Every structure is written in C-alpha cells, then in structure tokens.
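**Q** Below is one structure. I have some questions about it.
The values are calculated or read from the model by the stated rules, or taken from the named source; none is laboratory data. Please read all numbers here as calculations on a predicted model, not as lab measurements. Here Cβ is always computed from backbone atoms with ideal geometry, including for glycine, and neighbour counts include all displayed protein chains.
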Amino acid sequence: MSRPQKQRLEARGVAVAFGGIRALSGVDLEIWRGEVLGLIGPNGAGKTTMVNVLSGFQRPTSGSISLDGIDVSRLTARKIAQAGVGRSFQAARLFRAMTVEQNLSVAAIGSGLSRREARERALDILRWMGLERKADHRCDSLSYGDERRVSIARALALQPSFALLDEPASGMNDAECEALMEVISELPARFGCGVLLIEHNMKVIMGVCQRIHVLDGGQSLAEGSPQDIQKNPAVRRAYLGEKATDSTLAI
Amino acid sequence: MANIVQVLVDAIALGSLYALVALAIGLVFGVMRLVNFAQADYITIGAYALVVPTASVTPPLLLGALPAALMIGGVLFVVVVLALLTERVAFRPLRNSNPSTLLISSFAVSYFLQNLVMLIHTGRPKSVGIGQGLANAVEIGGVRVPGVQLLTMVVTAGLLVALVLFLKKTPLGIQMRAAAENFQMARLLGMPANRVIALAFAISGLLGGAVSLLLTIQTGTLDLRMGLMPVVYAFFATVIGGMGSLPGAALGGFLVGVASVLLQTYLPADLRPFRDAGVFMMVILILLVRPQGLIVTSAAKERV
Amino acid sequence: MKSVAVAASAAIALLLPVTSVQAEEPIKIGFAIAESGWLSNYDSAPFKAAVMKIEEINKAGGLLGRQIEYSVMDTKTEQARAASVGAQLVDGGVDMLVVSCDYDFGAPAALAAKQAGKIAFSLCAADPKMGVQGVGPLAFTANSAAQSEGIAIAEYGQKKMNLKSVYVLEDLTIEYNKSACAGFRAAWAAGGGEETILGNDTFKNDDPSIASQITRLKGLATQPDAVFVCSFTPGGASAVRQLRAAGIDLPILANTAMVDNYWLNAVPGLKDFYLPAFMSLYGDDPRPEMNTFLESHKARYGEPPVSSYSVLGYSLVEQWAYAVEQAKTTDSEAVVGVMNTFKDQPFTAGPTSFTDQLHIQVDRPWLIMKVENDSFRAVEVYRNSFKPDVKLLFRVGQ
Amino acid sequence: MKSDTMSFATIGRFWFPVLALVIPLAIIVVVTGQFGGLSIQRTVIEMLISIVIVVGLYVFVGNSGIISFGHATFMAIAAYASAWQTCCEMLKPITMSGLPPFLRDQSIPLLPSAVVSVLLAGGAAFLTGLVIMRLTGLAASISTLAVLFILNVVYSNWDSVTMGSASIVGLPTYVTAWLALGCAVVAIVVAYLYQVSAFGLAIRATREDEVAAAASGISLYWSRLIAFTLSGFMVGLGGVLQAHYLGTVSINSFFLSFTFLALAMLIVGGMGSLAGAVVGVVVITAMVDIFRRLEGGISIGGEQWSLPAGTQELIIAAFMLLILVFRKDGIMAGREMTLPEQEHREKGLING
C-alpha cells in the first residue's frame, strides 16, 4: 500500500496470555485513519482483549503496538488515550452521577481542553448526534439506547485519531441501529479518524466497514473487504461449523 | 547469643499475637470485603467479660472466677456471640456496599461498643489477676521465656493449624476459601452465603476471645483501648500481607510484630520513641512496592 | 447545667448577722471538669472532696459571711468542650473556676477564666505550665510538679533504701511521665552520679508487651539495685506484672499515678514496690489531719475516697478560701496577691508555697508508700531536698 | 444566550447550590448572635469551623471516593505551625527550645502566620500525596491511616519543638462567629468552584469509574493529587481556626476520635456532594448539642431529668449506622441543592 506510515494504529505479533490461557497469539492488525475496520469473530475469539491491548488496558505478553509509527506498547491507558486512541466499552461504563454533557467534557478535558472549551466540544458532538436535548440529564436517568450513544459520544469527545468501539449496537433496535450506522459511517470524514468496530450485528458490520478482520481462538483468521469475508470458507466454518450455508451469513 | 535468641523469641511472640488478630481481620475481609475495626472491641469486651459489669474500680470477678476451662469457654462464647451480633445487626444489611462504606460502618460499630463499655464499666482501667502462674518465665536452653510468650506462640500455632485444617478439610472451610477467592462465583455455585459469613465472624470472634485472654494474662489489666493497638497493627498487617489472603495476613502479622520488636531493640535510645513511625513507614513502603500486598490473591486484582 | 444551691440549714442562716447587702450574695465557684470520658475518673474524687470542703465552710458560717454556691459543667474530656463550658461558667459570674485534673484538658477552661480575669485552679495538674508561665498569673494547681515525685522517690531510694544503681523505664504516652522521669534522673544523678543510672528504656502505655525492654534490662552486664517505672495504669500495672513475671525481683520505684490499691489485682503478691503518695486511704497515715479527712469523707459519702488524689480537691478549696479570708474579698488580683505569699502554709494536703513565678508545689512532703500483702502501706513522710530549677520544671533540653 | 437577563439567570443557576448553603448559615449566625446564649453561640462557631474542615475533607474524599483517615494530620501541621508563630512568646524559648531562632524568639503577625500555616499544611498534603496517591482503593485509605499514626508518633515525641503530647496553651483567640462564617463561605465557594472545574470533573470521573476515566485520558494520580493537596490547604485552614478558637493545640485532638467524628459528619450528610458535607456537619452538631444538653440535665415539671453521661456518643454511632444501612449515600444522597426546575432537567423530566 502507498499510504504513509504515520497514519495508522498498528499491532504487530501481539500475544496475550492469562495464566495458562492464550487469549491472543501473534495477531497483526492495522487501522488507517479515514477507514472503518470491522473486528469480528465468535465469542471468546479475543476481540475485546485486542481492544484492551490497543487502548493500553492490557499489556501484551509479546508483540508491540505503534501509533503513527511510534511504539506505544509501554504507555499506560491514560497516555494512549491522550495520544489519540479513544474507546468505548461493552458495558457503557458512563459516569453515572454526572450529566451527559459532563461525561463528554471529561474526555475533552482528558485531551487537554479547558472546562469551557470542553463544554463547547461536548455540546457540538451532542448536537451532531442529535443528543443535545439530553445534555443536562444525569446518566443514571438515561434509556439504554441513549446510554450506548453517549458512550460513543464520549469516546469521540477525546477527538481521537482512532476510535475503538466495542459492540456499540448491542441491545439496540433496528431503528437505533440505522441511526448508529449513519453516525459511524460519518466518523472518518467528520473527525478524520480511523474506527475499529467490534460488532455482532453483521448488518452493521457489512454496512459501514471498508475492511474486516476476523479473529478466531485468539488468532487472525482472515482479513479483507466485506465481500471477501462473506465468501471466505474459513470464516464460515469458524462461525457456523461445517454445515455453513450462504444465507446465514448474508446481509 | 542467648540475647539474640531472646530477642527472636520476643519478636515471634509479639508477631504471633498480631498474626492472630490479623487472621481474624483477614478472614472477615475475605468473605465480605469488610475491614473490621470492631475487632478491637471484640478483644476489649472479651477481657471485660472476666469481671462483673459495674462502675466499681475493683470489680469482683465474673467469668474470671470460674475454673480455667469454663472461663476460657465463657470468654470465647461471649466474643463469638458479640461478633455474630454485630454481623447480624450492623454488617449484614450493608453486605453489598463498597469496602470504604463497610470500613466506615465498622468504625461506627467500634465507636458504639467502646462507648457502651465506658458507660457500663467507666473509663477507669481495672485489673484482673488471672493466669498468674502462666505468666511466669520458663527456662528453656538458657533462654528464659516468659510463660505468656510461650503460651501465645503455642496458641497461635495451634489455632493456625486448626484453621488450616478447617479450611482445607471441611466442606464449610472449602466454601469459605472459595468465597474469599470469588464471592459472587461461590454464591452462584450454591455456597450458603449467610452461613459462611456468619462462620467467618464466629471464627474472628474465637480468635478475638483468644487474644483477650492472652492479653489479659500478659498485662493483668483491663482498659477500654486495650484492643486498639493490636488491631491497628493487624490492620496494617493484613494490608501488607495481601488483602484477602489468609497466609498473607498471618505473614503480615509476624512481620509487623517482628519489626516492632527489632526497632525497639536496635534503635538508638534517642530514636526509640519513634519506633511506631518506623513500622508504619515500612507499611507504606511495602505498599508502594507491592500495592496488592506480599501475597496477591485474585480477589485483590481489579480487572477491566 | 447542674446548679446546686448549697445552703446551710435555715436555722444557722437566720442566726447569722447580716452585715451588708453584699453578704446576701453567695460566692460562686464553677467546676469545668470531666464528668464523662476517661478523665472523669481522675476528676471525680477530688471534686467530691472539694464539694465536701465547700459544705464544711458553709456549715461554719460561710466565707466572708457569705455562702458558697457551686455549679458543675461536663467537659466530656474534650478540649473544645472544656473551653466552652469554661467560658459559660465564667460568663455566669463565678468567682473562681476549678478546672480538670489534667493540664491539657484543664488549660482551655483556665484560659477562659484568664480572659475574664478570674482565678483558675486545677484539681491536680502536675504541670507547672498550669501557672504563671503557661496559662498565666491567675492559674494555679493544687498538685505538686510531676518532677517532684521523681525527685522524692529518687532521694528516698538513695538515702533511705541505700540503693546504689538504678534502671529507668519511661512511658512516653503522656508528658506527666516524662516529667516524673526527668525529675528522677536529675535527682538521682545529683545524689549518686550519672553513671549509676545503668540504662534508660522507653515504652508506650498501650504496648501489649514490653518483652524487648525486659530483654534489654536482663542483658545488662551488671544488674541495677532497682528499677524506676514512670508510668500510669493500665500500662504501668502491665509493665510491673511483666517485670515480675520475667523473674525480675528487684525493688521497683514508681511515681504517684500508680498509687492506690485498685490495680494490685494485676500483680498478686507484689512486694518491694515503692512510690510517693499524697496520703494513705488505708488508715495508717502518720499525719492525723489525713485521717480526719478520711473519716469526714466516709461520713459524708459513706465510703472512703476512690483515690488519694481526693485530698487535693479538698485542699484546693481550703487554700482559696483561706486567701479570700485574708484578702477580705474575692477579687482575683487581691486573692492571688495573698496566695503568692504562701510559704509552707499548713493545709490539709501539706505545707503549701506559691510565689509570683511558681503556682505549683516543688517540695511538699510526700508519704512514701510500699505494697505489702496486696495493699499499699504508709512507710514514712519524706521531703525532698533537691529542688527542681526552671529548666527541669519545663524540661528544657531534656 | 445573548441577552443580559438570560445570563443573569444562568449566573443565578450556577451559584444556587452555594447560595442555598451559605445563606442559611449566615441566618443562623445572625439569629444566634442576636438571640442565643453564649453556649449556643459557641456551638455555632464550632459548627462553622467543622464546616471548613469537613468541606475540606470532602474536596478529597467526596470527589475521589477514597476515604481518608489522614486529614487530621494536615490540620495538626497547620495548627502547630500557627502555634509556633503566634503563641506564648514568654514560654516559647523555654518549652520549644528546638524551634529555629526566628520563630523561637519572636511572634509573627496573625494574618501572615495563618497564611504560612495553611501553605504548610497544603505543602505537606502535596508531599504525602506524591507518595500515597500512587495507591488505589483500600491500600490508599490504609496508607492515610498510617500517615496519621506517623505524624502522631512524631509530634508526640518531638518534645523540643512540639512540647510532646502536652498542649500548647495560650494562642491568641481571635476566631469570632463572623470570621468562622467567612472562612466557611470561602471553603464552600472554593470547594464548589473546584468541583465544577476541569480538575473537579476529572476526579469525579475517576470516582465513578476509574477505567472509563483512564480511557478518557484522565490521570488518576494527578487528579487525586490535586484534590488531596487542595483539601490539605482547606483542612489546614480549619486547623488554624480551631487552634485560635480554643487557644490550645494538642496532638491528641488530631487523632482517631476526631477523625471518626469528621468522617461521620461527611458520611451522614452524604459524601457525594458539597451540600452533603455541610448538611452533615449541621445535623451532627445539632444532635451532639441536643444530647449533650440532655446529659447535662433538664427540668421537666420541676423534676431534674438527665441522660447518663456518654449516651450522646452511643446515639451518634447508632445514627451513623442507621444512615449507612437505610440511606447509604447520606441525607443528601450525592445531590447538590438545586432549583426544582434544574432537578427535573437532570432527571430528564424536562427536555432541552
């Protein structure tokens, strides 16, 4: 590829072992700015562990992480966040006693803004996501769908160069999914960032991702365009066992 | 040479005492994440049970007047009942609170009990002459070991062995260890939570009662704050040993006891008054190097 | 506020000639003392004795022909409370304020009295700072300086018990012990030389064990003739028990805080234990006035005092009343002026001296007592000849 | 947003949580000053000093969620520093001979000495925090307890400078109800501005969820260190006030029982909000005062009737347990004083 080195978040040969269990072994993965990369795989494939490694919450047993060409494997989660890697969590993990605006502002402050600037950025993002009416609501009064959207918004408030979204659509209904897909597709253009998207909902994955990386049992199984992945027999086997059929993995 | 042996005996004896208290605290922490400051008052009230509750400065003996076996049984019984009572009334309703809230609630329980004892017995120290014979020194290989030290070591060793056997061999003990490792999981697997927690408190009461007796035999005095310093030391012991780890608690108890005796023995006279500051600084240093304590259990780890 | 008007019987009151309007106004004494908390144990005995003295004065016709009224407020063994109740009592117009037995808890109340220009008299603080250099020229204490206890027992040990060497065990928990130890060391060194103090060691009152201190003592090349323990109960009793249990049968010298039988259960069969005391509660005091006091106390309260500190409270009222009578007014300046001229003035607690610099006793005779058959016994009255200087009293450079 | 009236309302809404606390306190001071006796006036001053201390404690404990047992340390440092500078010129060279000559032989004016003392407390908190804020959760709490014990041992035995465990007596007593009120207002305003600032937001985020805060680029260590230092300054101010209210300083008044009472106030009110800290102080002070009066005895129909001494402590402890069991977030349950409209907005009943 011809794109410059500087614009990617890259994992090289990442392995993670907990006690005797190998959660990841020798995974290579790269996310470019401006793209949405899907990370899929069956339960226990190591997807969340990968996000934890990329965001600095899990130190890899071996292998390295680099951000825009600089090795960040030894940095703490907080430093990596400040360097421009934002993430959301499977459980939304909002600051529940704080308002929506404050939740976003925390991340904006974490990226170095003053309180006033942080509020402006927070309101900006909320407006863009159609959440501005909820700005002063305490998070413990939010609906489930709003919780999930606020958690994405918070990751964006960091103004990340890479956003790692861990199952943002889980539990959402179809309409909410549609709206979410729209938001995610616009992310690269609006924030100039790269997106790593973990999702079980294949409709979302196939709808927004330019590339897809498949993990299985802690190892890379395949990588390619959505069409390639859909056709990939190894992926089918991993998901569906030997009796895979075309229709089950269709959009 | 005999002197060094004597110093070691002093150190291990004091360490044993702290280890007993630390075990009690560690056990309760294991099953419900409660650092129980009221352990101090278990010890105090156990000792006060030896005398008739009155405002008199020279109260007649109550349990202390009974034959040795009944007296020991009586004190242990009183403290166990007290421990169970505090669990039922104060701590059970708070079971799912965070450790900080639990710690604060144990402060409140402790403050309550201490003032209750003060109300009943007045704040004036009292004295009891039990176990005088036991207190006298015994000569072993050129080293005169005070009887109480010997007794403390023997009792600690005995209780340690009994506790280990209980935890390893009996179904309830195994459940208790499982609960200490992962309470939620153990509960899902059918552990009777109420029973296991009550049992942990009962054992902490038993250990507290034993410490009451050992302290009273050693000092011959009763005081409102007699349990305080052993529990403060044990507090630090359980933390540096590794919260939730019973071997860690025992190890921590020995460590702070030994450190205290060694500092008292080897510090120059001018610095000796600052002995305790040395011990507490050691606690902070150990925590800085090993924030989760010397023996890390899975319970102490926090995960993303 | 418990306000107890202690009026004598109506008959006596009627017989008294009413000389002036002022005479109808009672004299007021305020007590800002601990009725709860640990200090209440130390305050209550001297307080009861002080009340007894007030009643005696009233019965005998009052002071300057006026009855004495008193009011008590509880400091709850808290400094903030002490300051508050002190201020309240002073605000209520007391002529003299009696404060707690302990300097730390008495001083806040005494300061309130000072601000109102009233005398503050501590029941039994053993710290000279309860006086001119600390609280101020209107503050007094009925007790002797803690140093004096150490000095008395050191001299007695050397001169009467013929002790040649000693080992000092110092309880660091409160200043009182440190002062007693400082007095002891100074007097002992003056009498027998620094080198005859074979060693010093320290402990804390709440240490569960003093095993390492005992090991150090037993490891000395030459064993001392005696051990001086400056401490208080319970830690002091515990230390004595541990010393004896370790087979150390040397004479033990102690300070006054260890007086009275209540802790002797801790060390059954204790022998060779000596200390300086105010008086004996056991009827064998060689001074008849003490036995009179004991009998009056039994008559008034149906029991002997719980502690021999009691007599200090009695004597406190006695001293102040005497000065008021001499000054013919309760005006603080005038009364202090009289008190400052006391020179071995005979009071129940013993000869009493004050100067404009020192409002605490430094050489009042002590009753040396020893333990025998599980009880304290009077030995003899002893007056120290070594007097503490200012440096020793304030422990400068100690 | 352009119009002046709008911004006036915005300012009003911004300051409402502070005004709702400060105005009632001022009213209490005025009313008791006019109509109360000496005893109640003193209680009010003590209450206001406690507010300074507990609000200071809240700045760290409330915002970080870490219980600190060590804050009495910084009060003691400030109180002693102030005593060294202002107390007892005559006695100082004798009893505190170990002080450096510029302190030993002269007194320093009250205002500069108070400032220096507060700075010293904050500095000590900063240095302590540098070390122990690396720890989290219980380990951090227990370390603050260790700090409290260390200071107690050092100050109780550093005879030539601190007079050991004896009280230093005779500090100038200049604390009036108005001064105490002024300091309480300053403490409340500082705490409020801090908690709505970027730093305050950051540390509250760590309290809610350490992991999510880290993922938002928030430093656990620095945000806690800032809070710890700021609260060190504030309790230092409380220490200076207490010293110059009582006129005495004693190391034992900065130990466990004091720590327990301060934490009890914070927890009863609710450690999650500034209003909780203030309300807790007011409620506990009132309870202590009422039961102390009952212990002292009251007459009902000519009968003297009193509670046994020591009942008050039992009741405070029991009350605290009841609060923990039945309202575990305290009386205010983590809420600030808010206008009803604001509250509805937060609950999502009003949109926009």
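**Q** Need at least 1 residues that are without any contact (Cβ under 8 Å) to a residue 12 or more places away in the chain and over 21 Å from the mean Cα position of the chain (by Cα) per element, so show me which helices (runs of 4 or more DSSP H) inside the stretch C:38-155 make the cut, counting only ones lying wholly within it. Can you show your working first?
**A** Details: elements: C:40-59, C:79-91, C:103-115.
The helices (runs of 4 or more DSSP H) meeting that bar are C:79-91.
**Q** A follow-up question, please. Go through the stretch A:48-103 and give me each residue that's surrounded by fewer than 24 Cβ atoms within 10 Å (Cβ to Cβ), more than 11 Å from chain D (Cβ to nearest Cβ) and of a type in the set (A, V, I, L, M).
**A** Scanning the stretch A:48-103 gives A:LEU67, A:ILE70, A:VAL72, A:LEU75.
**Q** Next up: Within the stretch B:245-262, can one find any residue that is modelled with pLDDT under 90 and assigned to a helix (DSSP H, G or I)? Step through it out loud before you land on a result.
**A** Here is the first cut: in the stretch B:245-262, the residues modelled with pLDDT under 90 are B:245-247.
When the remaining residues are screened for being assigned to a helix (DSSP H, G or I), the result is B:246-247.
Looking through the stretch B:245-262, at least one residue is modelled with pLDDT under 90 and assigned to a helix (DSSP H, G or I).
**Q** Further question: Do we have any residue at all in the stretch A:185-194 that's modelled with pLDDT of 90 or more, out of contact with any strand residue (DSSP E or B) (no Cβ under 8 Å at 6 or more places or on another chain) and farther than 26 Å from A:ILE80 by Cα?
**A** The answer is no; no qualifying residue exists.
**Q** Being in contact with a strand residue (DSSP E or B) (Cβ under 7 Å, 6 or more places away or on another chain) and not hydrophobic (A, V, I, L, M, F, W, C) is the filter here, so list the residues in the stretch B:107-140 that pass it.
**A** Once the filter is applied, which keeps residues that are in contact with a strand residue (DSSP E or B) (Cβ under 7 Å, 6 or more places away or on another chain) and not hydrophobic (A, V, I, L, M, F, W, C), the stretch B:107-140 yields B:PRO125, B:LYS126, B:SER127.
**Q** Then there is this: If you scan the stretch D:226-247, which residues turn out to be in contact with a Gly (Cβ under 8 Å, 6 or more places away or on another chain) and either β-branched (Val, Ile, Thr) or within 14 Å of chain A (Cβ to nearest Cβ) (or both)?
**A** Matches in the stretch D:226-247: D:THR229, D:VAL235.
**Q** Further question: Is one or more of the residues making up the stretch D:242-251 at pLDDT 95 or above, closer than 26 Å to D:GLY129 by Cα and of a type outside the set (Val, Ile, Thr)?
**A** yes
**Q** Next up: Return yes when C:LEU294 is without any contact (Cβ under 8 Å) to a residue 24 or more places away in the chain, surrounded by 21 or more Cβ atoms within 10 Å (Cβ to Cβ) and away from chain B (no Cβ under 14 Å) and no when it is not. So that I can check it myself, show each step before the final result.
**A** On the way: without any contact (Cβ under 8 Å) to a residue 24 or more places away in the chain: yes; surrounded by 21 or more Cβ atoms within 10 Å (Cβ to Cβ): yes; away from chain B (no Cβ under 14 Å): yes.
The answer is yes for C:LEU294.
**Q** Quick check on the stretch C:196-229: of everything there that is in contact with a Gly (Cβ under 7 Å, 6 or more places away or on another chain) and farther than 28 Å from B:SER212 by Cα, which residue is surrounded by the most Cβ atoms within 10 Å (Cβ to Cβ)?
**A** Among residues in the stretch C:196-229 that are in contact with a Gly (Cβ under 7 Å, 6 or more places away or on another chain) and farther than 28 Å from B:SER212 by Cα, the one surrounded by the most Cβ atoms within 10 Å (Cβ to Cβ) is C:ALA226.
**Q** Could you please find all residues in the stretch D:256-270 being of a type in the set (Gly, Ala, Ser) and either surrounded by fewer than 24 Cβ atoms within 10 Å (Cβ to Cβ) or within 9 Å of another protein chain (Cβ to nearest Cβ) (or both)? Break it down into steps so the answer makes sense when it comes.
**A** We begin by selecting, within the stretch D:256-270, every residue of a type in the set (Gly, Ala, Ser); these are D:257, D:262, D:264, D:269-270.
Within the stretch D:256-270, D:SER257, D:ALA264 qualify.
**Q** To continue, here is another question. Looking at this structure, is B:GLY257 touching a residue at least 60 places away in the same chain (Cβ under 8 Å) and either more than 14 Å from chain C (Cβ to nearest Cβ) or surrounded by fewer than 24 Cβ atoms within 10 Å (Cβ to Cβ) (or both)?
**A** So B:GLY257 fails the test.
**Q** Then there is this: Return yes when D:ILE168 is over 30 Å from A:ASN103 (Cα atoms) and either surrounded by 23 or more Cβ atoms within 10 Å (Cβ to Cβ) or within 20 Å of the chain's Cα centre (by Cα) (or both) and no when it is not.
**A** Values: over 30 Å from A:ASN103 (Cα atoms): yes; either surrounded by 23 or more Cβ atoms within 10 Å (Cβ to Cβ) or within 20 Å of the chain's Cα centre (by Cα) (or both): yes.
Against the criterion (over 30 Å from A:ASN103 (Cα atoms) and either surrounded by 23 or more Cβ atoms within 10 Å (Cβ to Cβ) or within 20 Å of the chain's Cα centre (by Cα) (or both)), D:ILE168 qualifies.
**Q** If you go through the stretch C:30-46 one residue at a time, how many are among the hydrophobic types (A, V, I, L, M, F, W, C), in contact with a Phe, Trp or Tyr (Cβ under 8 Å, 6 or more places away or on another chain) and under 17 Å from C:ALA107 (Cα atoms)? Walk me through it before giving the result.
**A** Pass one, the stretch C:30-46, residues among the hydrophobic types (A, V, I, L, M, F, W, C): C:31-34, C:38-39, C:45.
Now drop any that are not in contact with a Phe, Trp or Tyr (Cβ under 8 Å, 6 or more places away or on another chain), which leaves C:31, C:33-34, C:39, C:45.
Still in the list and also under 17 Å from C:ALA107 (Cα atoms): C:31, C:33-34, C:39.
So the answer is 4.
**Q** Looking at the stretch C:312-398, what strands (runs of 3 or more DSSP E) fall wholly within it and have at least 2 residues that are in contact (Cβ under 8 Å) with a residue 60 or more places away in the chain?
**A** Numbers: elements: C:345-347, C:350-352, C:366-372, C:375-382.
In the stretch C:312-398, the matching strands (runs of 3 or more DSSP E) lie at C:366-372, C:375-382.
**Q** Looking at the stretch B:113-120, can you tell me whether even one residue there is at pLDDT 85 or above, closer than 30 Å to C:ASP43 by Cα, in contact with a Pro (Cβ under 8 Å, 6 or more places away or on another chain) and more than 14 Å from chain D (Cβ to nearest Cβ)? Quick ask: steps written out before the conclusion?
**A** Applying the first criterion (at pLDDT 85 or above) to the stretch B:113-120 yields B:113-120.
Next cut, closer than 30 Å to C:ASP43 by Cα only: B:113-120.
Still in the list and also in contact with a Pro (Cβ under 8 Å, 6 or more places away or on another chain): B:119-120.
Subsequent filtering for residues that are more than 14 Å from chain D (Cβ to nearest Cβ) retains none.
No - not one qualifying residue is present in the stretch B:113-120.
**Q** Picking from B:MET243, B:MET229, which residue would you name as being more than 17 Å from B:ALA13 (Cα to Cα), within 9 Å of another protein chain (Cβ to nearest Cβ) and of a type in the set (A, V, I, L, M)? Don't jump to the end; show me each part of the working.
**A** On the way: B:MET229 fails: more than 17 Å from B:ALA13 (Cα to Cα).
Exactly one of B:MET243, B:MET229 is more than 17 Å from B:ALA13 (Cα to Cα), within 9 Å of another protein chain (Cβ to nearest Cβ) and of a type in the set (A, V, I, L, M), namely B:MET243.
**Q** OK, next. Considering the stretch D:138-161 alone, what residues qualify as being in contact with a Phe, Trp or Tyr (Cβ under 6 Å, 6 or more places away or on another chain) and of a type in the set (Gly, Ala, Ser)?
**A** If the condition is that a residue be in contact with a Phe, Trp or Tyr (Cβ under 6 Å, 6 or more places away or on another chain) and of a type in the set (Gly, Ala, Ser), then D:ALA146 is the only one that fits.
**Q** Please note which helices (runs of 4 or more DSSP H) are completely contained in the stretch D:9-124 and include at least 2 residues that are of a type in the set (Ser, Thr, Tyr) and over 17 Å from D:THR162 (Cα atoms).
**A** Details: elements: D:38-64, D:71-86, D:92-95, D:101-104.
Correct list: D:38-64.
**Q** Follow-up. Output the qualifying pairs, or none if there are none: Cβ atoms under 6 angstrom, residues six or more apart or on different chains, first residue in the stretch A:136-151 and more than 18 Å from A:ALA175 (Cα to Cα) and modelled with pLDDT of 90 or more, second residue of a type in the set (A, V, I, L, M, F, W, C) and part of a helix (DSSP H, G or I).
**A** Sorted first by the residue in the stretch A:136-151, then by its partner, the pairs are A:HIS137/A:VAL100.
**Q** Counting only residues that are of a type in the set (Asp, Glu) and farther than 18 Å from D:CYS88 by Cβ, which one in the stretch C:77-113 is farthest from the other protein chains (Cβ to nearest Cβ)? Break it down into steps so the answer makes sense when it comes.
**A** Residues of the stretch C:77-113 that are of a type in the set (Asp, Glu), as a first pass: C:78, C:91, C:95, C:102, C:104.
Filter once more, so that each one left must be farther than 18 Å from D:CYS88 by Cβ: C:78, C:91, C:95, C:102.
On the way: C:GLU78: 8, C:ASP91: 5, C:ASP95: 18, C:ASP102: 9 Å.
Taking the candidates together, the pick is C:ASP95.
**Q** If you don't mind, there's one more thing I want to ask. For the stretch D:271-295, what are the residues that are farther than 29 Å from B:ASN98 by Cβ and either crowded, with 19+ Cβ neighbours inside 10 Å or among the aromatic types (Phe, Trp, Tyr) (or both)? Can you show your working first?
**A** Residues of the stretch D:271-295 that are farther than 29 Å from B:ASN98 by Cβ, as a first pass: D:289-295.
Of everything in the stretch D:271-295, those that are farther than 29 Å from B:ASN98 by Cβ and either crowded, with 19+ Cβ neighbours inside 10 Å or among the aromatic types (Phe, Trp, Tyr) (or both) turn out to be D:PHE291, D:ARG292, D:GLU295.
**Q** Please indicate, with yes or no, whether at least one residue in the stretch B:27-39 is part of a helix (DSSP H, G or I) and within 12 Å of chain C (Cβ to nearest Cβ).
**A** Narrowing the stretch B:27-39 to residues part of a helix (DSSP H, G or I): B:27-32, B:39.
Those left that are additionally within 12 Å of chain C (Cβ to nearest Cβ): none.
Scanning the stretch B:27-39, I find no residue that is part of a helix (DSSP H, G or I) and within 12 Å of chain C (Cβ to nearest Cβ), so the answer is no.
**Q** Right, something else. Out of the residues in the stretch A:104-117 that are facing chain D (nearest Cβ under 7 Å) and outside any loop (DSSP other than H, G, I, E, B), which is nearest to the chain's Cα centre (by Cα)?
**A** Step one: list which residues in the stretch A:104-117 are facing chain D (nearest Cβ under 7 Å), which gives A:105-107, A:109-111, A:114-115.
Restricting the remaining residues to those that are outside any loop (DSSP other than H, G, I, E, B) gives A:105-107, A:109-110, A:115.
Details: A:SER105: 20, A:VAL106: 19, A:ALA107: 16, A:ILE109: 21, A:GLY110: 18, A:ARG115: 26 Å.
Ranking the candidates gives A:ALA107 first.
**Q** Can you name the condition, by its number, that A:GLU120 falls short on among (1) facing chain D (nearest Cβ under 8 Å); (2) surrounded by fewer than 18 Cβ atoms within 10 Å (Cβ to Cβ)?
**A** Result: A:GLU120 fails condition (1) only.
**Q** Pull up the stretch D:125-141, narrow it to residues that are of a type outside the set (Ser, Thr, Tyr) and outside any helix (DSSP H, G or I), then point me to the one that is surrounded by the most Cβ atoms within 10 Å (Cβ to Cβ).
**A** Pass one, the stretch D:125-141, residues of a type outside the set (Ser, Thr, Tyr): D:125-127, D:129-135, D:137-140.
Filter once more, keeping what is outside any helix (DSSP H, G or I): D:133-135.
Values: D:MET133: 24, D:ARG134: 17, D:LEU135: 22.
Looking at the filtered set, the residue picked out is D:MET133.
**Q** May I ask you to verify whether D:GLY297 is within 12 Å of another protein chain (Cβ to nearest Cβ), within 30 Å of D:VAL189 (Cα to Cα) and either over 17 Å from the mean Cα position of the chain (by Cα) or small (Gly, Ala, Ser) (or both)? Working first, answer last.
**A** Numbers: within 12 Å of another protein chain (Cβ to nearest Cβ): yes; within 30 Å of D:VAL189 (Cα to Cα): no; either over 17 Å from the mean Cα position of the chain (by Cα) or small (Gly, Ala, Ser) (or both): yes.
Spelling it out, it is not the case that D:GLY297 is within 12 Å of another protein chain (Cβ to nearest Cβ), within 30 Å of D:VAL189 (Cα to Cα) and either over 17 Å from the mean Cα position of the chain (by Cα) or small (Gly, Ala, Ser) (or both).
**Q** Would you confirm, using the coordinates I've provided, whether B:VAL211 is closer than 30 Å to B:TYR48 by Cα, within 14 Å of chain C (Cβ to nearest Cβ) and not small (Gly, Ala, Ser)? Break it down stepwise before answering.
**A** Working: closer than 30 Å to B:TYR48 by Cα: yes; within 14 Å of chain C (Cβ to nearest Cβ): yes; not small (Gly, Ala, Ser): yes.
When the stated conditions are applied, B:VAL211 passes them.
**Q** Give me the residue from the stretch C:342-374 that is of a type outside the set (Asp, Glu) and loosely packed, with under 14 Cβ neighbours inside 10 Å and, out of that set, farthest from the other protein chains (Cβ to nearest Cβ). First the steps, then the outcome.
**A** So the first thing to find is which residues in the stretch C:342-374 are of a type outside the set (Asp, Glu), and the list is C:342-343, C:345-355, C:357-362, C:364-371, C:373.
Add one more test, that the residue is loosely packed, with under 14 Cβ neighbours inside 10 Å, and what stays is C:343, C:346, C:355, C:357, C:373.
Numbers: C:LYS343: 25, C:PRO346: 31, C:THR355: 16, C:GLN357: 12, C:ASN373: 14 Å.
Going through the qualifying residues, I end up with C:PRO346.
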